[in-house]
Amino acid sequence: MTLSTEPHFSTTGHQTAEPSVVAGLDAWRELNPLQQPTYLDSEAHKRAISELSTLPPLIFAGEADVLKAKLAAAARGEAFVLQGGDCAESFSGATADKIRNRVRTVLQMSAVLTYGGSLPVVKVGRMAGQFAKPRSSDTETRDGVTLPAFRGDIVNDHEFTPESRAHDPQRLLRAYHTAASTLNLIRAFTSGGFADLRLVHEWNRGFLANNANYHRYEALAAEIDRAIKFMDACGADFDALRTVEFFSSHEALLLDYERALTRIDSRTGNPYDVSAHFLWIGERTRDLDGAHVDFLARVRNPIGVKLGPTSTADDALSLIDKLDPEHEPGRLTFVTRMGADKIRDVLPDVLRRVGEEAPQVLWMCDPMHGNTITSKSGYKTRRFDDVMSEVAGFFEAHKEAGTIPGGLHVELTGDDVTEVLGGAAHIEDDGLGDRYESLVDPRLNHEQSLEMAFQVAELLKK
Ligand code: PEP
Ligand code: MN
């Protein structure tokens with residue numbers, strides 16, 4: 001399977017796109033896209049975009065289709081999706097150690113969920129391209145100085161100086177290359193033997209051993225080991241254990257970046273955004289008549305939309321009409337992020353109506369973004385208990401409505417940071433400063449991630 005870099009590229013046997021389909025990929029430009037950078041040097045911006053549009057695809061359309069089929073299975077209750085990673089990836093954080101720790105954490109959580117829930121787990125990283133952040137304000141003021149807000153490494157630098165905060169088009173290219181090297185390492189980890197389920201113990205090595213969840217994981221890994229040895233003795237075929245499929249995803253926020261990485265699939269003549277397997281629209285840009293909905297309606301990847309606490313069933317149904325008019329299995333995921341105190345009130349009605357009219361939709365729970373608070377010491381944080389209460393509320397709402405809780409979308413890191421309050425290690429307000437490293441939102445650390453997986457495995461059993 002090949003992907004052409006030119007929309008009209010064709011040789012014998014290649015499908016080309018209808019001219020109207022290609023033209024439609026730029027319709028968003030007329031729709032006043034929200035949350036876009038402003039570049040002072042528009043020539044440099046044009047050059048960066050033109051270079052991006054000649055670079056190789058990061059993923060193949062066929063891979064996006066494989067993920068779509070897996071998401072369709074999750075929507076039917078035959079699999080569970082785990083999507084996790086940083087709130088905002090950074091260029092300096094794209095090191096082998098940090099990437100490996102995040103991949104390991106997702107693999108460990110998946111082992112816990114698969115074993116506990118007896119369901120295959122579809123693994124998706126908020127990785128290899130999660131560089132752009134929507135912000136509630138265009139500017140930030142510190143000690144009387146006002147500068148442009150940090151919008152993610154793809155736009156500007158976090159340091160609070162005028163030079164760093166200027167929007168720099170070269171960063172679009174650096175984001176692409178950082179995504180490429182991250183994805184290359186993920187592919188090596190997951191197909192080069194590191195993800196072999198027989199290494200289930202190894203994934204725990206190097207993490208802090210002085211906690212209850214570390215030991216709980218060791219005990220579960222021992223059970224998995226025993227099961228594998230038993231099956232081995234029975235002569236079972238273990239090819240399926242050797243490698244795992246790990247998909248990439250990010251918020252499709254910067255539309256000129258996403259457009260430049262959209263190519264025509266030579267098998268079908270359809271456009272795919274080849275910057276990641278799965279793209280989602282955030283809570284702030286999901287306006288029905290807005291640019292982001294228009295653009296993602298036109299690419300054939302599996303896509304998601306965040307639904308916050310003010311969402312209604314009518315909102316959801318209108319989004320389905322635009323983004324998934326054919327009701328294609330696996331195409332559309334709603335990621336609900338309502339907050340622990342609202343989900344039980346708001347979600348059941350939405351589920352009931354959407355479930356009746358569009359049962360193909362996959363429902364995932366983001367228990368992070370509705371539960372953000374500022375701690376007394378001034379850190380942006382979340383309480384682990386609120387996060388878990390939202391997850392429990394998500395399962396309750398689906399039970400009430402008769403729909404399927406299909407997955408979890410979380411901000412996590414494999415490092416032992418102190419960004420989220422609580423958990424078994426009882427991180428408290430005065431401990432947040434010990435290792436608070438996130439540039440934007442607080443992430444579960446390695447131990448809190450395992451703890452979440454153990455609790456969700458219990459919910460999956462019910
Ligand atoms: C995010 O996922 O980091 C994010 C900004 O989420 P939301 O759009 O749900 O606020
Ligand atoms: Mn976030």
Could you work out [θ]222 nm for the chain from helices alone, using -39500 (n - 2.57) per DSSP H run of at least four and dividing by all its residues? Round to the nearest 500 deg cm²/dmol.
-12000 deg cm²/dmol
Could you give the length gained on full extension between Ile373 and Ala149, defined as 0.36 nm per residue of separation minus the Cα-Cα distance, in nm?
78.7 nm
Over region 414-456, what is the relative contact order in whole percent, taking alpha-carbon pairs under 8 Å and six or more residues apart?
47
What's the magnitude of the charge dipole for the chain around its Cα centre, counting Lys and Arg as +1 and Asp and Glu as -1 at the beta-carbon? Answer in Debye, nearest 20.
680
With the dipole of region 300-419 defined by +1 on each Lys or Arg Cβ and -1 on each Asp or Glu Cβ, the option from Val391, Val350, Thr310 whose Cα lies farthest towards the positive pole is Thr310
Selected from Ile228, Val200, Thr178, residue furthest toward positive end of dipole (region 153-278; charges at beta carbon):
Ile228
Distance in nm between Leu288 and Ala236 label points, each 7 Å along Cα→Cβ, equals 4.9
If the label point is 7 Å along Cα→Cβ of Ile228, which residues in region 183-197 have backbone nitrogen under 12 Å from it?
193-197
Lys, Arg +1 and Asp, Glu -1 on Cβ, resulting dipole of region 326-462 about Cα centre, debye, nearest 20
360
So, relative contact order of the chain in percent, Cα under 8 Å, 6 or more apart, is 22
Based on alpha-carbon atoms only, what is the radius of gyration of region 351-462 relative to the globular estimate 2.2 N^0.38 Å?
1.17
List every residue whose amide H lies under 5 Å from the amide H of Leu307, counting only residues 5 or more places away in sequence or on a different chain, with H placed 1.01 Å from N in the peptide plane.
Val335, Thr336, Arg337
For Ile427, the residues 5 or more places away or on another chain with a placed amide H closer than 5 Å to its own amide H are Gly422
Show me, for region 277-282, the HN-Hα J-couplings you get by feeding each phi into the Karplus relation (A = 6.51, B = -1.76, C = 1.60, θ = phi - 60°), rounded to Hz, glycine and proline as x.
5, 10, 10, 10, 9, x
Taking other Cβ within 10 Å of each residue's Cβ, how do Ile99, Ile49 sort, fewest first?
Ile49, Ile99
Computed ³J(HN,Hα) along region 178-190: with the Karplus parameters 6.51/-1.76/1.60, θ = phi - 60°, integer Hz and x for glycine or proline, the list is 5, 4, 4, 6, 5, 5, 4, 5, 4, 5, 5, 4, 8
Taking θ as phi - 60°, what are the ³J(HN,Hα) couplings along region 110-120 by the Karplus curve (6.51, -1.76, 1.60), each to the nearest whole Hz, with x for Gly and Pro?
5, 4, 4, 5, 5, 5, x, x, 6, 9, x
For Asp415, what residues show an amide H to amide H distance below 5 Å, using hydrogens built from the backbone and excluding near sequence neighbours?
His446
Run the numbers on region 375-453 and let me know its relative contact order in percent, using alpha-carbon pairs under 8 Å that are six or more apart.
37
Counting DSSP beta bridges in the chain, what percent are antiparallel, to the nearest 5?
25
Rounded, prolate or oblate for region 1-153? Axes are the square roots of the Cα gyration tensor eigenvalues, ordered a ≥ b ≥ c, and the cut-off for rounded is a/c under 1.5.
oblate
Treat the count of other C-beta atoms within 10 Å as a stand-in for reagent exposure and order Cys234, Cys365, Cys87 from fewest to most.
Cys234, Cys87, Cys365
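Students often get this wrong, so check it: of Lys133/Lys380; Lys380/Lys461; Lys68/Lys306; Lys342/Lys399; Lys68/Lys322; Lys68/Lys461, which have C-alpha atoms separated by over 22 Å? It would help to have the intermediate numbers written out before the result.
Values: Lys133/Lys380 15 Å; Lys380/Lys461 33 Å; Lys68/Lys306 18 Å; Lys342/Lys399 16 Å; Lys68/Lys322 18 Å; Lys68/Lys461 25 Å.
Where the Cα-Cα span goes over 22 Å, the pairs concerned are Lys380/Lys461; Lys68/Lys461.
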For the charge dipole of region 116-210, defined by +1 on Lys and Arg C-beta atoms and -1 on Asp and Glu C-beta atoms about the Cα centroid, which residue among Gln130, Ser191, Phe160 has the Cα displaced farthest towards the positive pole?
Ser191
Projected label distance in nm at Thr54 and Glu18, using a 7 Å step from Cα toward the beta-carbon
3.1
Calculated FRET efficiency for the pair Leu31/Arg352, C-beta based, R₀ 25 Å, to 0.05:
0.20
Work out the FRET efficiency for Lys322 and Asp138 from their Cβ-Cβ distance, taking R0 = 45 Å, and round it to the nearest 0.05.
0.95
What is the dipole size for region 42-184, taken about its Cα centre, with +1 at each Lys and Arg Cβ and -1 at each Asp and Glu Cβ, in debye to the nearest 20?
480
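FYI, it's all coordinate maths here, none of it is from the lab. The structure displayed is predicted, hence computed values, not measured ones. Reconstructed Cβ throughout: ideal geometry from the backbone, glycine too, with neighbour counts over all protein chains shown.
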